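One structure below.
The values are calculated or read from the model by the stated rules, or taken from the named source; none is laboratory data. What you are looking at is a predicted structure, and each value in this text was computed from that prediction instead of being measured. Cβ placement follows ideal geometry from the backbone for every residue including glycine, while neighbour counts extend to all protein chains displayed.
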Amino acid sequence: MFLRNSLAKRATFVASFVALGALLCSGVAHADGDAGASETAAARTLAVDGVKLALAERCDEALDKLDRAEKLKHSPIVLRHLGECQIKLGQWVEGSESLRKLLREPQPEDASPALEQAYESAAATLREVKPRIPTMKIVVNAPEDAALAVHVDGKSVAGSVVGVALPADPGDHLVEVSAPGFLKAAATLKLAPSASQTVTLDLKRDPSAPRAAESTPSSQRAASSSAKPEATSRAAQSQAAETSSSSNGKLLGYLSYGVAAAGLGVGIVFGQSAMKDERELRDACPNHVCSPEEKDSLEFAKTKGTIATIGFATAGAGLALGTVFLLTAPSSSASGSGRASHPKRTAALRPRATIGPASVTLATDF
């Protein structure tokens, strides 16, 4: 039995080595000069040493070599061993992402047995570890205008993760939250596999932090406290209000056109990407039945389609609103000449827009 296992491991290593060498050597033809060839040779050496250590269950020594080899020259076999070693060392989140990256690549039709084994092993490992990845939810009690800076284990994370389930590796974690004008808050927690925990942090104001002046400077206070001359006529005030209304209407119109352009760009980019994914999945999923390995790609393609739909809807709404604002904005010349004969009609014209889940209603109040 021992001899059989030893021979099986040796055969696996030889097959992986041969396939790995072929993949890395293929990059020499595309290398630019001696520098590209040298990098490929260095990647080959690192990859062979790293795979050998990984197969010998020495992932702590293999991880650095595999990571550097992958950065120098991409190889599915190296990426498979890198992801599996990361998971074995407790880096479940990073290891899962490495395996996902591998499985998102289409497998060549003429794939070698070692390459096929890399895909199969990556899929099996991902299926096993994915449901066991724990999550943490960070809740921060602070004013809405506080500029939060969130760190987990010393690494900065986006403030948008606050309040949502954040995948994390099992083990101890340190969560820190800070904001200008507040004292730093920190908490530790220990995550077990498949567990989900919530950590709540309260931000308290720093008594030593400088506060914004509650009163205006003396020069501004004196200017604002001086009363306006009573000789200012109501006609001048009305003209100023009408001019401001005209400027605001045109500004809102141009801003709406800008939103429409941005929404159209988002819709086109994600729409094309979603259609490309659909064509690829149509071949990979006969009769609309996808394998477990393709489910992540299917969900990602659906998300792209949803984003594209939202982008086009935003473009349509922005175009409609911009047109309404520009058409209903009173012109400065019309407001000045027609004030005497129609003072109320011009001042009371106001555009109104109501946006619902699946509709945009445009109207004008008189």
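One residue is enough: does region 164-173 have a residue meeting the conditions touching a strand residue (DSSP E or B) at 6+ places or on another chain (Cβ under 7 Å), surrounded by 15 or more Cβ atoms within 10 Å (Cβ to Cβ), not in a strand (DSSP E or B) and not assigned by TED's automatic domain parsing to the domain that holds Val93? Checking region 164-173: at least one residue is touching a strand residue (DSSP E or B) at 6+ places or on another chain (Cβ under 7 Å), surrounded by 15 or more Cβ atoms within 10 Å (Cβ to Cβ), not in a strand (DSSP E or B) and not assigned by TED's automatic domain parsing to the domain that holds Val93.
When each of Glu128, Glu144, Glu176 is tested for being within 30 Å of His74 (Cα to Cα) and not β-branched (Val, Ile, Thr), the lone residue that passes is Glu128.
As a summary of the residue check, Cys59 satisfies the conditions (1) modelled with pLDDT under 95; (2) touching a Leu at 6+ places or on another chain (Cβ under 7 Å) except for the one numbered (1). In region 310-318, is there at least one residue being modelled with pLDDT of 70 or more and under 24 Å from Arg104 (Cβ atoms)? Scanning region 310-318, I find at least one residue that is modelled with pLDDT of 70 or more and under 24 Å from Arg104 (Cβ atoms), so the answer is yes.
Go over the candidates Val139, Val93 one by one and state the one that is part of a helix (DSSP H, G or I) and under 30 Å from Leu203 (Cβ atoms). Exactly one of Val139, Val93 is part of a helix (DSSP H, G or I) and under 30 Å from Leu203 (Cβ atoms), namely Val93. State all residues of region 99-112 that are surrounded by 13 or more Cβ atoms within 10 Å (Cβ to Cβ) and touching a residue at least 12 places away in the same chain (Cβ under 8 Å); if no residue qualifies, say none. Listed by number, the residues that qualify are Leu99, Arg100, Lys101, Leu102, Leu103, Gln107, Ser112. One residue stands out among those in region 55-90 that are touching an Asp or Glu at 6+ places or on another chain (Cβ under 7 Å) and assigned to a helix (DSSP H, G or I): the one that is nearest to Glu105 (Cα to Cα), which is Pro76. A search for C-beta distances below 6 Å between a residue of region 131-160 that is over 13 Å from Glu176 (Cα atoms) and not assigned by TED's automatic domain parsing to the domain that holds Gln197 and any residue that is among the acidic types (Asp, Glu) and at pLDDT 95 or above, counting only pairs 6+ apart in sequence or on different chains, returns nothing.
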